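Quick notes on the structure that follows.
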Amino acid sequence: MKRMILVTSPPACGKTHISKQLAKSLSHVVYLDKDTLIPLSKQIFRVAKKPYDRSSDFFEEQIRDYEYEVILNLGFEALRYDDTVLINAPFTREIRDKEYIQKLRDKLAAQDAVLTVIWVVTTPEMCRERMVRRNSDRDVYKIRHWDEYIRTVDFSVPSLPDDASGKSNLLLFYNSSEAEYVKSMHDVLEVLENAQD
């Protein structure tokens with residue numbers, strides 16, 4: 001069975017490291033990262049003569065949803081040629097939209113594929129620490145306006161609707177400490193590897 005895996009969470013929860021380690025450990029995986037599209041997004045800001053701010057209304061209205069559309073389209077294309085696609089992207093809004101998830105599942109079913117969502121569980125304090133450590137221009141606004149920004153972020157575990165088999169296909173990856181990371185990597189890989197068999 002072909003599978004699209006979405007590794008999701010608010011920014012700076014550790015998605016990229018987790019996603020890359022999962023992709024290295026699984027067989028027949030195409031790894032896609034929405035951050036790969038950032039140079040295109042930066043160019044849109046430049047052409048529009050707007051300051052580069054991924055928390056701005058301009059980003060929300062003119063860029064954000066298109067990044068998701070493109071990364072998913074790349075994922076569907078990749079599933080034509082390999083068994084598993086792993087997409088590293090926040091999907092913070094989409095993952096809580098039951099209609100969006102159902103449409104995604106229906107589109108995957110048309111390609112004989114299923115959806116698995118991995119939600120990375122991390123504390124807000126750890127996320128801020130990671131943002132400071134990674135020192136990326138995409139986080140400048142968030143760090144400078146932390147109290148304002150963090151009020152807009154939902155760290156609660158999403159609730160996915162059950163699929164046709166009666167499962168939500170949601171896996172939790174705990175990542176606020178090294179011990180949590182090691183245990184979750186083992187547990188999540190075990191589920192995914194059994195699903196590949």
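Quick one: would you say Val85 is open to solvent by less than 10 Å² (accessible area, probe 1.4 Å) and under 14 Å from Leu160 (Cβ atoms)? Judged against the criteria, Val85 is not a match. If the condition is being buried (at least 17 other Cβ atoms within 10 Å of the Cβ) and either part of a helix (DSSP H, G or I) or without any contact (Cβ under 8 Å) to a residue 12 or more places away in the chain (or both), then the stretch 106-129 contributes Leu108, Cys127, Arg128. Does Lys103 qualify as being of a type in the set (Lys, Arg), farther than 19 Å from Pro10 by Cβ, touching a helix residue (DSSP H, G or I) at 6+ places or on another chain (Cβ under 7 Å) and open to solvent by 40 Å² or more (accessible area, probe 1.4 Å)? Criteria not met by Lys103. Whenever a residue of the stretch 136-158 is farther than 15 Å from Ser56 by Cα and among the acidic types (Asp, Glu), its partners that are assigned to a helix (DSSP H, G or I) and open to solvent by 60 Å² or more (accessible area, probe 1.4 Å), lying with C-beta atoms within less than 9 angstrom and at least six residues away or across chains, give the pairs Asp154/Arg96. Against the test of being in a helix (DSSP H, G or I), crowded, with 19+ Cβ neighbours inside 10 Å and touching a Ser or Thr at 6+ places or on another chain (Cβ under 7 Å), the options Ile95, Ile18, Ile5, Ile71 yield a single qualifying residue, Ile95. Taken together, the residues in the stretch 36-47 that are under 14 Å from Ala89 (Cα atoms) and buried (at least 18 other Cβ atoms within 10 Å of the Cβ) amount to 1.
The values are calculated or read from the model by the stated rules, or taken from the named source; none is laboratory data. Quick caveat, the model's predicted, so the values are computed rather than measured. Cβ sites come from the backbone with ideal geometry, for glycine too, and all protein chains shown count toward neighbours. SASA here: full protein model, heavy atoms, side chains in, ligands and nucleic acids out. Shrake-Rupley method; radii C 1.70, N 1.55, O 1.52, S 1.80 Å.
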